[in-house]
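Quick notes on the structure that follows.
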Amino acid sequence: MLIKTFPVLLLALSLFQAHAQTKYSIVENRAEKRIDIAVDGKPFTSYIYPGVLMKPVLYPVRTTKGTLVTRGWPLDPRPEERVDHPHHVGMWFNYGNVNGLDFWNNSTAIPPERKKDFGTIKHVAVEKIKASNKNAELAVLKDWQSPDGKSLLKENTQYIFSEEGQKRSIEMTTKLTALDEDVSFSDNKEGLIGIRIARELEHPSDKPEIFTDANGNPTTVSKLDNDKVTGKYRSSEGIEGDEVWGTRGKWVNLIGKIGNEPVSLLILDNPKNIGYPTYWHARGYGLFAANPLGQKEFSKGKETLNFKLKAGESVTFRYKVIISSGAELSDAEANAAFQEFSKK
């Protein structure tokens, strides 16, 4: 009797397992210092914190078709990529002047004698991992540390990963808490949420440029090959291209093509954020960042924020990134997404 019923039990078990599988998956690999997020078994992105990085990042980021929208270098170089700014990896959150320390520019390229001026963000713990048919959620704890290992800030960040049709989104809520002493965020252009984009989404460049490799060696490029380079920024205020840099806006939409795939990369600010609407630190060479804390730099001295937290105080930042495949997001679609996100 047991022999006859065994195949039936196996079938029932397999059906149960198939039913139990969710659309989203999120898997932690402590040995490799990474957490992988997938949709229907297809990679979306990973939260990584290897020793070669001075902060945790989401890397790489993919469209629904699996196309990489983030630069590969320096972790996984791809042909014809730029090799400047080794601290630009994937999608990250940090700042260029926290109690006089530069968290933004820190990387393995910084020589030992200069490390005293740079801060490091350390992954401390995973506080929540949840996958369902609706989305994947990840909550992590990080420490913003001075070179001597002292923690200045505690960071609690929640990521929500979701997909609808040909659009993927990453919703990020970051709470920073000052610990034993007051913390100042002096106005600085280097911040706050940043993405280093794939070569194809950069702006075409028609002038000589100087790039720096991982060892700090400058290289002059007299003319760049703009073949397949199609990117263009457009802000909520109707400003386009390189003119977006140093302007305020509720959102900025980066549109372009990777191969034959139209792509939009949209970053949404939130009305509850400090400094709303944010200034945009968006560069044609591939840095796409929103920075509400660098007002003196972006306004050429007309405004000053110099945001501060007293010991024990907290501040929360909310951003949403939408990665659209197959069609460029219109202004109307971007505005609708912003209105929906603003309610949260």
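The values are calculated or read from the model by the stated rules, or taken from the named source; none is laboratory data. Computed from a prediction, not measured in an experiment: that's the story for all the values here. Neighbour counts run over all protein chains shown; Cβ positions are idealised from the backbone, glycine included. In case anyone asks, the SASA skips ligands and DNA or RNA and just uses the protein heavy atoms, side chains included. Shrake-Rupley method; radii C 1.70, N 1.55, O 1.52, S 1.80 Å.
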> Do you know which residues across the stretch 275-306 are surrounded by 23 or more Cβ atoms within 10 Å (Cβ to Cβ) and aliphatic (A, V, I, L, M)?
Replying inline: A282, A289, A290, L293
> What about V263, is it part of a strand (DSSP E or B), touching a helix residue (DSSP H, G or I) at 6+ places or on another chain (Cβ under 8 Å) and over 14 Å from E171 (Cα atoms)?
Replying inline: yes
> Within the stretch 83-122, can you find the residues that are in a strand (DSSP E or B) and either more than 19 Å from S46 (Cβ to Cβ) or in contact with a Leu (Cβ under 8 Å, 6 or more places away or on another chain) (or both)?
Replying inline: M91, W92, F93, N94, Y95, V98, L101, D102, F118, T120
> Among the residues of the stretch 294-314, which ones are of a type in the set (A, V, I, L, M, F, W, C) and either within 30 Å of E200 (Cβ to Cβ) or in contact with a Ser or Thr (Cβ under 8 Å, 6 or more places away or on another chain) (or both)?
Replying inline: F298, F307, L309
> From the residues in the stretch 130-145 that are in contact with a Lys or Arg (Cβ under 9 Å, 6 or more places away or on another chain) and either over 20 Å from I37 (Cα atoms) or of a type in the set (K, R) (or both), which one is surrounded by the fewest Cβ atoms within 10 Å (Cβ to Cβ)?
Replying inline: K134
> Which is aliphatic (A, V, I, L, M), modelled with pLDDT under 95 and open to solvent by 10 Å² or more (accessible area, probe 1.4 Å), of I210, I255?
Replying inline: I210
>> Can you tell me which of (1) open to solvent by less than 70 Å² (accessible area, probe 1.4 Å); (2) more than 26 Å from Y285 (Cα to Cα); (3) not aromatic (F, W, Y) is the one E127 doesn't meet?
In response: (1)
> Which residue, of D36, D84, is in contact with a Phe, Trp or Tyr (Cβ under 9 Å, 6 or more places away or on another chain), modelled with pLDDT under 95 and not hydrophobic (A, V, I, L, M, F, W, C)?
Replying inline: D84
> Only one of (1) among the charged types (D, E, K, R); (2) assigned to a strand (DSSP E or B); (3) on the phi > 0 side of the Ramachandran plot fails for K300. Which number is that?
Replying inline: (2)
>> Among the listed residues S264, S324, S299, S235, identify the single one that is more than 26 Å from I110 (Cβ to Cβ) and over 19 Å from the mean Cα position of the chain (by Cα).
In response: S299
> Which residue pairs have Cβ atoms closer than 7 Å, lie 6 or more positions apart in sequence or on different chains, and pair a first residue in the stretch 44-56 that is open to solvent by less than 30 Å² (accessible area, probe 1.4 Å) with a second residue that is of a type in the set (D, E, K, R) and in a loop (DSSP other than H, G, I, E, B)?
Replying inline: I48/K33
>> With the structure loaded, tell me whether E303 is without any contact (Cβ under 8 Å) to a residue 12 or more places away in the chain and of a type outside the set (S, T, N, Q) or whether it fails that test.
In response: yes
> Of the residues that make up the stretch 230-237, is at least one open to solvent by 10 Å² or more (accessible area, probe 1.4 Å), under 25 Å from V83 (Cα atoms) and modelled with pLDDT of 95 or more?
Replying inline: yes
>> With the requirement that a residue be among the hydrophobic types (A, V, I, L, M, F, W, C) and within 22 Å of the chain's Cα centre (by Cα), what does the stretch 172-189 give you?
In response: M172, L176, F185
>> Based on this model, can you work out whether R78 counts as open to solvent by 20 Å² or more (accessible area, probe 1.4 Å) and assigned to a loop (DSSP other than H, G, I, E, B)?
In response: yes
>> Condition first: open to solvent by less than 40 Å² (accessible area, probe 1.4 Å) and either touching an Asp or Glu at 6+ places or on another chain (Cβ under 8 Å) or at pLDDT below 95 (or both). Now tell me which residues in the stretch 161-192 satisfy that.
In response: F161, S162, S169, T174, L176, T177, A178, D187, N188, E190
>> Within the stretch 319-339, take every residue that is touching a Leu at 6+ places or on another chain (Cβ under 9 Å) and over 20 Å from T70 (Cβ atoms) and give me the one that is surrounded by the fewest Cβ atoms within 10 Å (Cβ to Cβ).
In response: E333
